[in-house]
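Asker: Sharing a structure here in structure tokens format.
The values are calculated or read from the model by the stated rules, or taken from the named source; none is laboratory data. For clarity, every value in this text was computed on a predicted model and none was experimentally measured. Backbone-built Cβ (ideal geometry, glycine too); neighbour counts: all protein chains shown.
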Amino acid sequence: MKDFILASCLLLSLFFAKPVLAIEGKYQIFADLMTRDNQLYTKVIAKTIVFNEIQDLELIDFCAELVAKRLDKEIMLSVDTAAWLIRAIGTSKSRRYQYFLTQLLNSDEDSKLKKYARSALKKTRKRSKGRFFKGAVDLDAFRQKVDQQRKDINSFSAVIFSKIKTHQPLAQVLELMGTPTKRAIVSVDKSQTANDVMGWNHLYVRFGDAGRVMFDYAADKKSWIVKGMETGPVSVNDFTLHPMAAVQAGALKSYVEHLYHNGKATRFDLDLAAERLYGLQQSKKYRDAASWVCRLLGTSQSARYRTVLEVTVQSARYNKLKKYAAKALAELPEQTVEQYTRGDVYAIRL
């Protein structure tokens with residue numbers, strides 16, 4: 001009877017265990033990027049975990065939590081992004097995730113995800129305390145805590161910032177400077193980087209007015225390393241850290257499509273989208289991405305974007321883009337409001 005009571009107490013303690021609210025140290029920036037409703041960020045960090053063979057269970061719990069939320073249709077994750085997260089879970093080699101992976105295999109999930117789940121399940125042989133369960137990580141509380149940490153930062157030392165050197169690993173930079181005020185992963189044109197492993201992406205980290213650092217992923221060193229630094233505050237017209245400014249057409253399309261399906265576009269997102277649309281009307285490379293921009297503007301229900309769509313209908317080079325612009329225009333109310341005009345967004349500080 002005594003053993004039964006002890007066992008029952010143990011099960012109850014697992015069931016009602018408090019979720020993880022934060023992860024500290026060098027992996028916090030990875031967890032932060034994964035949980036910002038940006039599939040590019042999530043995929044790149046999952047790849048980082050896989051290629052670096054990171055086995056930190058607190059970080060891997062974030063991967064499992066995101067996949068669990070996809071299973072329950074609480075968030076939208078592409079099959080490819082979810083597949084990388086599952087591969088990251090396998091990297092842990094921990095039995096902690098066996099039950100969760102088995103649940104995934106018994107679900108009606110995509111066959112590609114089940115394939116990676118089977119592979120991950122074979123790797124999870126290391127003993128571990130506890131079992132992962134959905135809710136083990138409180139993503140909202142984590143985001144709020146990290147955001148508060150940024151607000152609590154008063155300033156960064158320009159002298160200390162000057163000690164950052166090229167080829168220095170990300171972990172060393174964070175140890176030197178502390179929590180960054182901004183961070184982003186930006187897709188770039190292939191001609192700008194030799195980083196094919198990470199899908200042509202840079203990691204940018206800003207430390208207040210001290211400056212920002214750009215990292216490239218070095219496959220041979222299994223680390224993000226410093227590629228360059230810029231001292232001083234952010235430029236008024238600097239939007240390179242925003243996903244809407246993606247150079248890679250596929251990355252722009254992915255971000256806009258995400259906003260379209262999730263209904264999370266802010267006024268700033270929409271203004272940036274309108275600005276991009278003005279510049280993409282003649283581009284074959286960005287034709288699909290620009291069409292998604294039209295669809296996004298159509299969901300805004302704001303007459304503010306009628307002019308940019310009218311210009312697109314009249315001036316776009318490709319009929320596909322004209323068609324989506326016309327459809328979006330038909331969805332917007334005919335009201336007399338201040339229109340977004342080209343260049344307006346540059347009056348706003350990012």
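Asker: Scan segment 104-119 residue by residue and report those that are part of a helix (DSSP H, G or I), crowded, with 17+ Cβ neighbours inside 10 Å and either out of contact with any Ser or Thr (no Cβ under 9 Å at 6 or more places or on another chain) or aliphatic (A, V, I, L, M) (or both).
Answerer: If the condition is that a residue be part of a helix (DSSP H, G or I), crowded, with 17+ Cβ neighbours inside 10 Å and either out of contact with any Ser or Thr (no Cβ under 9 Å at 6 or more places or on another chain) or aliphatic (A, V, I, L, M) (or both), then LEU104, LEU113, TYR116, ALA117 are the ones that fit.
Asker: Further, regarding this structure: Sort out which residues of segment 81-124 are among the polar types (S, T, N, Q), under 23 Å from the mean Cα position of the chain (by Cα) and over 22 Å from SER254 (Cβ atoms), and write them in order of number.
Answerer: Once the filter is applied, which keeps residues that are among the polar types (S, T, N, Q), under 23 Å from the mean Cα position of the chain (by Cα) and over 22 Å from SER254 (Cβ atoms), segment 81-124 yields THR91, SER92.
Asker: Under the condition of being part of a loop (DSSP other than H, G, I, E, B) and out of contact with any helix residue (DSSP H, G or I) (no Cβ under 8 Å at 6 or more places or on another chain), which residue from segment 337-350 is modelled with the lowest pLDDT?
Answerer: LEU350
Asker: Taking LYS264 as the residue in question, decide whether it is at pLDDT 85 or above and surrounded by fewer than 21 Cβ atoms within 10 Å (Cβ to Cβ).
Answerer: No; evaluated as a whole, the condition is false for this residue.
Asker: Taking the conditions exactly as written (modelled with pLDDT of 90 or more, of a type in the set (Val, Ile, Thr) and either buried (at least 23 other Cβ atoms within 10 Å of the Cβ) or not in a helix (DSSP H, G or I) (or both)), does VAL311 satisfy them or not?
Answerer: Here the answer is no, as VAL311 does not meet what is asked.
Asker: Next question. Of (1) of a type in the set (Ser, Thr, Tyr); (2) touching a helix residue (DSSP H, G or I) at 6+ places or on another chain (Cβ under 9 Å); (3) closer than 30 Å to TYR204 by Cα, SER128 satisfies all except one. Which?
Answerer: The one condition SER128 does not meet is (3).
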